[in-house]
Amino acid sequence: MKRSSILEARRKSVDPAVRQKVNLSFQIVDRIHDILTAKGYKQKDLANMLGKSEAEISKWMRGTHNFTLDTIMNIEDVLGERILVVYSAKEEPCMA
C-alpha cells in the first residue's frame, strides 16, 4: 500500500514523547487482548468482571485510553495475569 507523503510528514513531526505514550498504550491493549484470547474471553467478559459497560471496555481497547495504574491492577486481578513488568537496573523483573 502506498503511503501518503502528507501523512508521513505529519507522522515524523509527532513529538517523540507523544509517540512513545501512544506506543505504550497500544502495547498494553495488545497484552490485554492476548490474555483475553488465550483464556477464551471476549471484551464483554472483561466488562462483566470489572463491573464496566461493554462500551467503556471497547473504548479502552482502541488504544487511546490513558490507563491508570489502578485500572491496570484491576484488570490484572480479574484476569489473573500480569500486564506490566517493571525492571530495576539492579534487580530482576518485578512482577507487580
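Is the shape of the chain best called rounded, prolate or oblate, per the rule: a/c under 1.5 gives rounded, else a/b larger than b/c gives prolate, else oblate, with a ≥ b ≥ c the square roots of the Cα gyration tensor eigenvalues? Oblate, since a/c reaches 1.5 and b/c is not below a/b. Once both axes come from the Cα atoms, what is the angle between helix 16-39 and the longest principal axis of the chain, in degrees from 0 to 90, rounded to 10? That works out to roughly 40 degrees.
Listed cross-link partners Lys12/Lys42; Lys21/Lys52; Lys21/Lys44; Lys12/Lys90; Lys21/Lys90; Lys39/Lys90 are compared with a 29 Å cut-off, the Cα-Cα value being larger for Lys12/Lys42; Lys12/Lys90; Lys39/Lys90.
Rounded to the nearest 500, the 222 nm mean residue ellipticity of the chain from helices alone is -18500 deg cm²/dmol, with -39,500 (n - 2.57) taken per DSSP H run of at least 4 residues.
The numbers here are math on the coordinates, done by the rules we state, and not lab data. Just so it is clear, the model here is predicted, and its values are computed rather than measured.
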